[in-house]
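Below is one structure, written out as structure tokens; comments come after it.
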Amino acid sequence: MVAVTISIMAFGLLVSALISNADRGMPILVLVLILQLFLCGMWIPVHGTPVLEQLSWLMPARWGFAMGASTGGFPGPPGSPLDPLWKPESGPWLLGLFVQIGLTVVLVVC
């Protein structure tokens, strides 16, 4: 939870640094939040969907949700194949953590 919180905070700070007017910030942050929710993989399966899967790799919520699903053994949405990042093993969990750290570093440097 801490890793995804810091990463999404850095994402929000990057968005606020890129805008010139405070009135433009809220619509952009709402769009970023909606992207985080839909591309985390819980509501719509992103694994195996070519465009959505690559786009979801850039979202901190995808990796944070994968870490949580790996920890708790989340079975996934009914009728969809299990995402390999959700396996209850240490490998996918560590991958999610390292990607979170990498995303945070890239977002802070930008």
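The values are calculated or read from the model by the stated rules, or taken from the named source; none is laboratory data. Everything quoted here is computed from the prediction, not taken from an experiment. Cβ placement follows ideal geometry from the backbone for every residue including glycine, while neighbour counts extend to all protein chains displayed. Heavy atoms of the whole protein, side chains included, go into the accessibility calculation; ligands, DNA and RNA do not. Shrake-Rupley method; radii C 1.70, N 1.55, O 1.52, S 1.80 Å.
General remarks:
- Accessible area per residue was computed with a 1.4 Å probe on protein heavy atoms; Val108 scores about 110 Å².
- Distance between the modelled labels on Ile19 and Ile44, one decimal in nanometres: 2.4 nm (7 Å Cα→Cβ projection).
- Rolling a 1.4 angstrom probe over the protein heavy atoms with all chains in place gives the chain an accessible area of 61 Å² per residue.
- The chain, Rg to Rh (Cα coordinates; Rh as Kirkwood inverse mean 1/r): 1.00
- Helix 2-18 axis versus longest C-alpha principal axis of the chain: approximately 30°, rounded to the nearest ten.
- Share of carbon and sulfur in the accessible heavy-atom surface of the range 7-101 [1.4 Å probe, %]: 77 percent
- Helix axis angle, 60-72 relative to the chain longest principal axis, alpha carbon, degrees: 30 degrees
- Hz values of 3J(HN,Hα) by residue in the range 77-92 - Karplus curve (6.51, -1.76, 1.60), Gly and Pro given as x: x, x, x, 10, x, 5, 5, x, 6, 9, 5, x, 9, 6, x, x
- Cα gyration tensor shape for the range 24-72, rounded if a/c is under 1.5, else prolate or oblate: oblate
- Summary of packing: across the peptides 40-47, 17-24, 89-96, the per-residue average of other C-beta atoms within 10 Å ranks them, highest first, as 40-47, 89-96, 17-24.
- Compared with the dominant Cα axis of the chain, that is its longest principal axis, helix 22-38 is turned about 10°.
- Distance between the C-alpha centres of the range 66-96 and the range 3-41: 25 Å, rounded to the whole angstrom.
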